C-alpha cells in the first residue's frame, strides 16, 4: 500500500496572502523524507493554489519518489505535462466554481476524446490514470481509453452521514476495485480520506495506493508535517496486515 501525499493545500495557505510561504516544494521534500511514496499535486486552470513555477521546481527537487500531476484534460495542461514529464498524470474533472473536486471524470461521454489525449501522453513516456466514480461503466470506458490505472473517488464514502450509507459506499468501492483489477487496471483511491476513515479503504486488497492531501496538511498544523505523514502511513499499513 502506497501513500501519495497531495501538497495542494500548502499552496492554498500561501496563496491566501499571495506571498512566498509556506513553500509546497519544501513540504514535498519533508513528506518524501517522512515516508511518502509519491507527491501528488493538482495544477488547476485557475491556478488557485499550485502555480506553474511550483510544478517545475517540484520536477527539479523531487528525485527519490514519483510525481503525480492531477489535471483537467485540456490542451494547455497536456502541453505543460509533456514539458514537465511527471511519472504519472491523473486526469480529473474540474469546475471553476467548485471548492474541491466534486466527483469522478465522466469517461463514458468523453471516451473518444480521452483515447487520443491519453495516447499522446503515453507516447511521451507518462503513465496515465483517470479519477473516476466507482461505477462499472466508467471502468469499462477507462479500459477502452487505454489508461494504465484508475483512481476511485472515495468522496461519497467519506461524506456518508449514516453508518448504513458508509457501508454501502465501501461495498461499491470494493466491487469496483475487484472489477478493475480483473480488467488489468492498477487501482488507486482517494478524496476525503482522513485518519478516522482511511483504514477500511486501505484494507481493500486490490487498491495499491491512496492519495491524501487535506487531512494530512490540516493535521500538520498541530502535529508537524513529518508526523502527519508518518501517522497516516502507519494507519494504512496496519490495515494491510491481515490481507
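The values are calculated or read from the model by the stated rules, or taken from the named source; none is laboratory data. Everything numeric here is computed off the predicted structure, so don't read it as measured data. With ideal geometry, Cβ positions are generated from the backbone for all residues, glycine too; neighbour counts draw on all protein chains shown.
Quick notes on this one:
- Considering only residues in the stretch 66-84 that are within 17 Å of the chain's Cα centre (by Cα) and touching a residue at least 40 places away in the same chain (Cβ under 8 Å), the one that is surrounded by the most Cβ atoms within 10 Å (Cβ to Cβ) turns out to be 70.
- Reported count of residues in the stretch 42-65, each being closer than 21 Å to residue 153 by Cβ and buried (at least 16 other Cβ atoms within 10 Å of the Cβ), is 5.
- Within the stretch 5-26, no residue that is over 23 Å from residue 193 (Cα atoms) sits with its Cβ atom under 7 Å from a residue that is part of a helix (DSSP H, G or I) and at pLDDT below 95 at 6+ positions apart or across chains.
- Filter result for residue 92 (surrounded by fewer than 18 Cβ atoms within 10 Å (Cβ to Cβ) and touching a residue at least 12 places away in the same chain (Cβ under 8 Å)): no
- Residues located in the stretch 107-122, provided they are out of contact with any helix residue (DSSP H, G or I) (no Cβ under 7 Å at 6 or more places or on another chain) and either touching a residue at least 40 places away in the same chain (Cβ under 8 Å) or surrounded by 16 or more Cβ atoms within 10 Å (Cβ to Cβ) (or both): 110, 113
- One residue alone among 158, 149, 141 is touching a helix residue (DSSP H, G or I) at 6+ places or on another chain (Cβ under 7 Å) and crowded, with 17+ Cβ neighbours inside 10 Å, and that residue is 141.
- Matching option when the condition is over 25 Å from residue 148 (Cα atoms) and surrounded by 23 or more Cβ atoms within 10 Å (Cβ to Cβ), among 39, 30, 10: 10
- Test: residue in the stretch 77-84 that is farther than 20 Å from residue 120 by Cα and in contact with a strand residue (DSSP E or B) (Cβ under 9 Å, 6 or more places away or on another chain): no
- Contact map, the stretch 178-202: first residue more than 15 Å from residue 136 (Cα to Cα), second residue at pLDDT below 95 and outside any loop (DSSP other than H, G, I, E, B), Cβ cut-off under 9 Å, separation 6 or more or different chains; pairs are 202/240.
- Residue 2 vs. criteria surrounded by fewer than 18 Cβ atoms within 10 Å (Cβ to Cβ), modelled with pLDDT of 95 or more, closer than 20 Å to residue 186 by Cα and within 17 Å of the chain's Cα centre (by Cα): yes
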